Amino acid sequence: MKTEVKKLDSTKRELNVEVSGDLVKGKFEEVFNQVAKESKVPGFRPGKAPREMLEKHYSGVVHEQVLKELVPAIYNQAIAREKLDVLELPQISDVKLNRNNLSFKAVVEVSPEIVIKNYKGLAVNFKKITIAADEIKRQVDSIKEARKVETLDDGFARGLGYPNLAELEKTLERQLLVSKENQERQRIEGEIVDALCKGLDFKLPASLVNRQAQDLLRQAKLDLAMKGVARDKIEEQEQAILAQVQPQAQKQVKVYLVLAEVAKKEKIPLDDHMPAKVMEFLLREANWQETA
């Protein structure tokens, strides 16, 4: 097998492939024998017709089947041989096949080349999370207003399923703490991502951006439907929503690709858990600094 890779731009490659000899001949024989077993030629029992007659009647069918089986197999071998990190199905063209040779061209989209050097020891600023008494009071007051009660006492707490007012306040404090911890975790992760992506400028693969934008569009349409917006109204807004989510899709793809590059360097599997695993690694390796 001969392969040649041309770099069209930072995310596209043209792969020229040619195979010849026994591989092609063998595939033709394999497919021809299969067709011969299943063919029905008038005057002959299945599989008993002369070769020249089968060639005359079924050469086109055999040719198409060889293409169908051989091109994907050879393509997969070629991208493995050239170590191409292909993102989407290829655009196959210039296919030429005879009984001895197969050649074709495949234009593929690949991950961009991303050079990340300083991803360990990223600065993380954190602060201790506390819950002030007035925050708890505001929560209790909001419940009081929602339930239209005048007195905050143990009876009020028991009506909500707590033995007394003190236990209700403790529960509200825990809920506030969890909420603040989640917000702080999101802020820290955002800080890590911003530091990691700072100064990295590369072309985003159009296929990944389009796919992510479509996912965001589907979610936005579902959210509108859940709010009771009519289907025709949602469809009218589709293009506007798609344009609106485009920047978000671009950012998400960029972050994913950068995290994937760290994963490759650290031998972290590129599966569905990759982003979370890489973030855990980056947080472990970060330079944590407490702020007031």
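The values are calculated or read from the model by the stated rules, or taken from the named source; none is laboratory data. Since we're looking at a predicted model, the values are computed, not measured. Cβ coordinates were reconstructed from backbone atoms using ideal geometry, including for glycine residues, and neighbour counts include every protein chain displayed.
Restricted to region 96-121, and to residues there that are farther than 22 Å from residue 206 by Cα and in contact with a Ser or Thr (Cβ under 9 Å, 6 or more places away or on another chain), the residue that is surrounded by the fewest Cβ atoms within 10 Å (Cβ to Cβ) is 96. For the structure I just gave you, tell me whether residue 82 is touching a Ser or Thr at 6+ places or on another chain (Cβ under 9 Å), closer than 19 Å to residue 19 by Cα and in the same structural domain as residue 26 (by TED's automatic domain parsing). For residue 82, the condition - touching a Ser or Thr at 6+ places or on another chain (Cβ under 9 Å), closer than 19 Å to residue 19 by Cα and in the same structural domain as residue 26 (by TED's automatic domain parsing) - is met. Taking each residue of region 11-40 that is in a strand (DSSP E or B) and looking for partners that are polar (S, T, N, Q) and modelled with pLDDT of 90 or more with beta-carbon atoms closer than 6 Å, six or more apart or interchain, yields 17/3; 18/103; 20/100; 20/101. The condition (being surrounded by 17 or more Cβ atoms within 10 Å (Cβ to Cβ) and either under 30 Å from residue 258 (Cβ atoms) or not hydroxyl-bearing (Ser, Thr, Tyr) (or both)) is satisfied by just one residue among 193, 178: 193. Looking at 161, 190, which is the one that is of a type in the set (Gly, Ala, Ser), under 22 Å from residue 146 (Cβ atoms) and free of Cβ contacts under 8 Å to residues at least 60 places away in the same chain? Sole residue among the options that is of a type in the set (Gly, Ala, Ser), under 22 Å from residue 146 (Cβ atoms) and free of Cβ contacts under 8 Å to residues at least 60 places away in the same chain: 161. Within region 215-239, being small (Gly, Ala, Ser) and over 28 Å from residue 253 (Cα atoms) holds for 228, 230. Is it the case that some residue within region 27-47 is under 27 Å from residue 84 (Cβ atoms), surrounded by 12 or more Cβ atoms within 10 Å (Cβ to Cβ) and either at pLDDT 80 or above or hydroxyl-bearing (Ser, Thr, Tyr) (or both)? Yes - at least one qualifying residue is present in region 27-47.
Among residues of region 265-288 being more than 13 Å from residue 193 (Cα to Cα) and touching a residue at least 12 places away in the same chain (Cβ under 8 Å), the one that is nearest to the chain's Cα centre (by Cα) is 274. Considered as a group, the residues in region 71-95 that are under 16 Å from residue 7 (Cβ atoms) and in contact (Cβ under 8 Å) with a residue 40 or more places away in the chain include one that is surrounded by the most Cβ atoms within 10 Å (Cβ to Cβ), and that residue is 78.
Can you say whether residue 239 is of a type in the set (S, T, N, Q), surrounded by 12 or more Cβ atoms within 10 Å (Cβ to Cβ) and assigned by TED's automatic domain parsing to the domain that holds residue 271, as far as the supplied structure shows? Criteria not met by residue 239.
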